[in-house]
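Below is one structure, written out as structure tokens, with a few remarks after it.
The values are calculated or read from the model by the stated rules, or taken from the named source; none is laboratory data. All values reported here derive from a predicted model rather than from experimental measurement. Here the Cβ is made from the backbone with ideal geometry for all residues, glycine too, and neighbour counts use every protein chain on show. These area figures cover heavy atoms from the full protein model, side chains too; ligands, DNA and RNA do not enter into them. Shrake-Rupley method; radii C 1.70, N 1.55, O 1.52, S 1.80 Å.
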2 protein chains.
Amino acid sequence: MMTQFINQKENTVTEAIDGLIQTSGGTLARLDGYPHIRVVVRSDWDKSKVALVSGGGSGHEPAHAGFVGEGLLTAAVCGDVFASPSIDSVLAGILSVTGPAGCLLIVKNYTGDRLNFGLAAERARAFGLKVNMIIVNDDIALPDLPQPRGVAGTLFVHKIAGAMAQAGASLAEITKAAERVIAGTKSLGMSLDTCTVPGSPKENRIPQGKAELGLGIHGEAGVEQIEYENAKQALAAVTDKMAPLMGTAPHVVLLNNLGGTTVLEMSVLANELAQSSIGKNVKFIIGPAAMMTSLDMRGFSISVYPATAEEIALLQAPCASSAWPGCVEMKPVTVFKLPDGLTPIAPIPSEHDATAKFLTKCCNILIESEVDLNALDAQSGDGDTGSTLAGAARALIDALDRMPLADHTQLYRAIGQELSQTMGGSLGVLLAIFFTAAGDAASSGLPMVATLQEGLKRVQQIGGAQVGDRTMLDALQPALDELENGLRPAADAARKGAIHTSTIVHAKAGRASYISPEQLQGHIDPGAEAVARLFEQLSA
Amino acid sequence: MMTQFINQKENTVTEAIDGLIQTSGGTLARLDGYPHIRVVVRSDWDKSKVALVSGGGSGHEPAHAGFVGEGLLTAAVCGDVFASPSIDSVLAGILSVTGPAGCLLIVKNYTGDRLNFGLAAERARAFGLKVNMIIVNDDIALPDLPQPRGVAGTLFVHKIAGAMAQAGASLAEITKAAERVIAGTKSLGMSLDTCTVPGSPKENRIPQGKAELGLGIHGEAGVEQIEYENAKQALAAVTDKMAPLMGTAPHVVLLNNLGGTTVLEMSVLANELAQSSIGKNVKFIIGPAAMMTSLDMRGFSISVYPATAEEIALLQAPCASSAWPGCVEMKPVTVFKLPDGLTPIAPIPSEHDATAKFLTKCCNILIESEVDLNALDAQSGDGDTGSTLAGAARALIDALDRMPLADHTQLYRAIGQELSQTMGGSLGVLLAIFFTAAGDAASSGLPMVATLQEGLKRVQQIGGAQVGDRTMLDALQPALDELENGLRPAADAARKGAIHTSTIVHAKAGRASYISPEQLQGHIDPGAEAVARLFEQLSA
């Protein structure tokens, strides 16, 4: 049996209701009827307007209790998972929220719900209350059945009736409007898997690679199983059944997650919806969102209704439920042009012999160290640090005649750009950051050592490594700290720092953090060694 | 490989982004950089305020693109599923939204994201743009690691920085506030299963019955696997790690669905949160909702932050994303007392010999028909219609001396009440509806036949069956239609209707609709037979 986040399965619904109420910010309350009577009500309800009561089996969350709130339902009567609430609990819901303006019961077309809500309505009428009941039957999965099920299209009724009641419409007006919505609403669902009822084994009815079309929201089998190809075909299987019933009229479409479909997939389906056979009909969209779910079912449903402008306004009216995703115009994708600046402006080359010689010398030091550095890296990584640095050095030598050698600011940036293009891995990005940040600092007029220290600071900030973490910083930072005093003291400091890395066996950053202390002990970090060699040979 | 609602896996992210944008009501747009540059931006952005750019790998939907909008992010840079976006795409995002007020990059602490956002920031600065970058590291799963991951606590930063930027705060102010939030935010996750990367086989790392504690949002393994008992213990395993770090300070808590947990379960967890070791700290709550997911992972995470009153106001400020669930005060469950009227007022008994005799006669007719009706029912159902009716009839006889026999309105209602308590199944509810509705009609002064017809009308409306559907209506409706002319014509009509049911082999309602025509052919519906016998023997 699949593990789920429940306790005693018998208490799942009451515990979930209490969780919902506690996280509602005080907008929801419940009646004192646990465990049998589970009615969620608006806490601020004063009976001054028409009350809307819905409900049914649980397992469809956020429906129905999640849609209780100003501008939506007044109360939700919650049964066990996939089971109708009792007559007494429906009656309790009606009696607790119905005032002189009356009450509309919004019931999905399942026998148990019809009967229990129906008898409760009769009893409430015996108390002199005005109670109307409407039955939502939007499912088109079974075209010949005289009793189509009520599924996610119920949300259209909740929202339109809710906005009307909030605006002070009469029971007769709301009932008539709701009946009109029901008459025009059509829904169809599809799933790639069944759902898991809490505490019960999962029924493995849908084989891998198949999809079920026209299934209900209680795990009941769909009308047919089809071969599943992809999102486009799955969505088309649904919309192609709906298109002939929709004509050319503009519709509002509700794209419902049956529970277990990822948000990513729902967005893919939304994209397919726009391109589908009913794409041209989709003028307004509600979702994609999980509204009328079937527990964890990995499926979706589509509900359509040719709403009038007035009804759209009601669907867009504000309401107090965070589960209601809103109703917006479906629009084509707006595409903005890419900003300038992605292709870096090539620096204007300039000559400066001393700089060219200095850079070439640096590069050659790294090229000559390739084998040694690879060997060191093999102790703690994949043995390519030497080659990575040597490759970048060779590319830099090749690029020298395109470089702005006479302008330090531009030169730093150009080196950064070159390294980010020619040098792979984290080290390439970090060195690119070092030079680009140094260029920034140079542009604000800092002296050379300070510019390099700015670059180092940024590398630490972004890379997250500090001195002592067994990285090239262990040589670079002490070297830069001494550089004001000359290359020789900087080289000594770099060497000292590099040697120290051979004693750091609990690396805290970089790949060496995954290596055992025994393997690291006695080996200098290859990045630190590269820095030390660079300074040593420059000062020689 | 698990079927999912995707097409070519390489196009999943771009298709999902286009789906999101088309269903955003025109509030979102994207840059023209497909397939490599996937940047979602506010369509109404005028660069007059500080821009907020976040992003990272996809697969965390609705994060990050779903949180782009007024009062939240300005742009989201989307990588492939669980992979960092490229430096160029981050740079494109920054360049496209950053004006004179500057830009804050909100980056989750993963090496790829740090480096790529970091270098993009450097490049953007080379264009003279003011760009700050902050790194969210809220995960407390690995207490010793110097680089904690960035997970769902990132949402605190998005919302607080978003509200500040919307209000016109400066880049320095927002950066400082965001750093404060990061320093105080702690998150921890738990899951019952791994996630399924689109187009890849699922890793079955977590055995049935185990839960993983301290896992990341990319399917990486958690710190430990524990025995899973139930929701209470699972939530406690998380909150007990957080409690020592929270002290007694009031916190805002974000309860995040990692993707595949049902809404029902999330509410159960919310209820447990209130009772947990950190329940007393939870002053404000965001969720439960799917905000920072790991595709379809059946898990949750909790993020906590000791927000100031000013920060709570920022978390509660309006924003344009329907994915943001709001931030409300956590409150105890408000319980309203049950309404009066659930225990029906016992009618005041009254005597009326003729009525008592008539009712007794009716009841005895049904009691005597028990065996025959059961036999008929065995043809189309479970063979208990006779016993169900006889049992109710016996109970009614026993109840006669408590009945308001002299008052028709009260008597109908009392019979309805009695039947709903003593008679099981749909038939019991339908007959209760019949008598209760008849009582309603009688109270408004209708003559007897009309009151019964009102009852019948309500039974049809609520039960959904019509004449011709092979139910008791096929006898009852013609009988009532003739009743004005006397009991004999009514009995003849009932019998004719009952006989006709033996020819209805395609039942459209009730249990017989599931039975094959061959089984039904030639058998009278037991409910219709009961009605016919009643009228026949009353008229005899």
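As a summary of the residue check, A:G383 satisfies the conditions (1) surrounded by fewer than 16 Cβ atoms within 10 Å (Cβ to Cβ); (2) within 14 Å of another protein chain (Cβ to nearest Cβ) except for the one numbered (2).
Taken together, the residues in region B:66-113 that are among the aliphatic types (A, V, I, L, M) and either open to solvent by 10 Å² or more (accessible area, probe 1.4 Å) or not assigned by TED's automatic domain parsing to the domain that holds B:A29 (or both) amount to 5.
This table checks each residue for (1) under 34 Å from the mean Cα position of the chain (by Cα); (2) closer than 24 Å to A:P517 by Cβ.
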site: A:Q421; (1), (2): yes, no
site: A:A432; (1), (2): yes, no
site: A:T436; (1), (2): yes, no
site: A:Q453; (1), (2): no, no
site: A:G463; (1), (2): yes, yes
site: A:V467; (1), (2): no, yes
site: A:A475; (1), (2): no, yes
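Against the definition (open to solvent by 20 Å² or more (accessible area, probe 1.4 Å) and modelled with pLDDT of 95 or more), how does A:K508 come out, yes or no? So A:K508 fails the test. Here A:L295 passes the criteria (1) within 14 Å of chain B (Cβ to nearest Cβ); (2) at pLDDT 95 or above; (3) closer than 30 Å to A:A395 by Cβ except the one numbered (3). Only a single criterion out of (1) more than 9 Å from chain A (Cβ to nearest Cβ); (2) buried (at least 24 other Cβ atoms within 10 Å of the Cβ); (3) out of contact with any Cys (no Cβ under 7 Å at 6 or more places or on another chain) is not satisfied by B:S321, namely (2). Would region A:399-417 turn up any residue that is crowded, with 16+ Cβ neighbours inside 10 Å, at pLDDT below 95 and among the basic types (K, R)? Within region A:399-417, one or more residues are crowded, with 16+ Cβ neighbours inside 10 Å, at pLDDT below 95 and among the basic types (K, R). Tell me yes or no: at least one residue of region B:178-200 is in the same structural domain as B:L245 (by TED's automatic domain parsing), among the basic types (K, R) and farther than 30 Å from B:T3 by Cβ. Yes, that holds for at least one residue. Just one of (1) over 40 Å from the mean Cα position of the chain (by Cα); (2) modelled with pLDDT under 95; (3) not aliphatic (A, V, I, L, M) fails for A:G497. It is (2). Residues in region B:461-472 that are free of Cβ contacts under 8 Å to residues at least 24 places away in the same chain and open to solvent by less than 30 Å² (accessible area, probe 1.4 Å): 0 in all. Close Cβ contacts (under 6 Å, 6 or more residues apart or on different chains) running from residues in region A:374-385 that are modelled with pLDDT under 85 to residues that are surrounded by fewer than 19 Cβ atoms within 10 Å (Cβ to Cβ) comprise A:S380/A:I515; A:G381/A:R511. Residues in region A:292-302 that are more than 17 Å from B:G19 (Cβ to Cβ) and not β-branched (V, I, T): A:M292, A:S294, A:L295, A:D296, A:M297, A:R298.
When region A:114-158 is filtered for residues that are within 11 Å of chain B (Cβ to nearest Cβ), touching a Lys or Arg at 6+ places or on another chain (Cβ under 8 Å) and open to solvent by less than 10 Å² (accessible area, probe 1.4 Å), the ones remaining, listed by number, are A:G118, A:E122, A:V131. State whether the residues of region A:332-340 include one that is in contact (Cβ under 8 Å) with a residue 40 or more places away in the chain and among the hydrophobic types (A, V, I, L, M, F, W, C). Within region A:332-340, not a single residue is in contact (Cβ under 8 Å) with a residue 40 or more places away in the chain and among the hydrophobic types (A, V, I, L, M, F, W, C). Scanning region A:1-23 for residues that are closer than 20 Å to A:T74 by Cβ, touching a residue at least 40 places away in the same chain (Cβ under 8 Å) and open to solvent by 20 Å² or more (accessible area, probe 1.4 Å) yields one hit, A:L20. Restricting B:T436, B:T451 to residues that are within 14 Å of another protein chain (Cβ to nearest Cβ), more than 21 Å from A:P146 (Cα to Cα) and at pLDDT below 95 narrows the list to B:T436. Screening A:K357 against (1) without any contact (Cβ under 8 Å) to a residue 12 or more places away in the chain; (2) buried (at least 18 other Cβ atoms within 10 Å of the Cβ); (3) among the basic types (K, R) leaves a single unmet condition, (2).
Considering only residues that are surrounded by 20 or more Cβ atoms within 10 Å (Cβ to Cβ) and more than 19 Å from B:A290 (Cβ to Cβ), which ones fall in region B:324-337? If the condition is that a residue be surrounded by 20 or more Cβ atoms within 10 Å (Cβ to Cβ) and more than 19 Å from B:A290 (Cβ to Cβ), then B:M330 is the only one that fits. Here B:Q316 fulfils each of the conditions (1) out of contact with any helix residue (DSSP H, G or I) (no Cβ under 8 Å at 6 or more places or on another chain); (2) buried (at least 24 other Cβ atoms within 10 Å of the Cβ); (3) free of Cβ contacts under 8 Å to residues at least 40 places away in the same chain apart from (2). Residue count for region B:14-53 under the criterion of being among the charged types (D, E, K, R), in contact with a strand residue (DSSP E or B) (Cβ under 9 Å, 6 or more places away or on another chain) and at the interface with chain A (Cβ under 7 Å from one of its Cβ atoms): the result is 3.
On the basis of being facing chain B (nearest Cβ under 9 Å) and at pLDDT 95 or above, does A:A243 make the cut? The answer is no for A:A243. Could you check region A:486-495 and list, in sequence order, the residues that are open to solvent by 50 Å² or more (accessible area, probe 1.4 Å) and under 17 Å from A:T451 (Cβ atoms)? The one that is open to solvent by 50 Å² or more (accessible area, probe 1.4 Å) and under 17 Å from A:T451 (Cβ atoms): A:L487.
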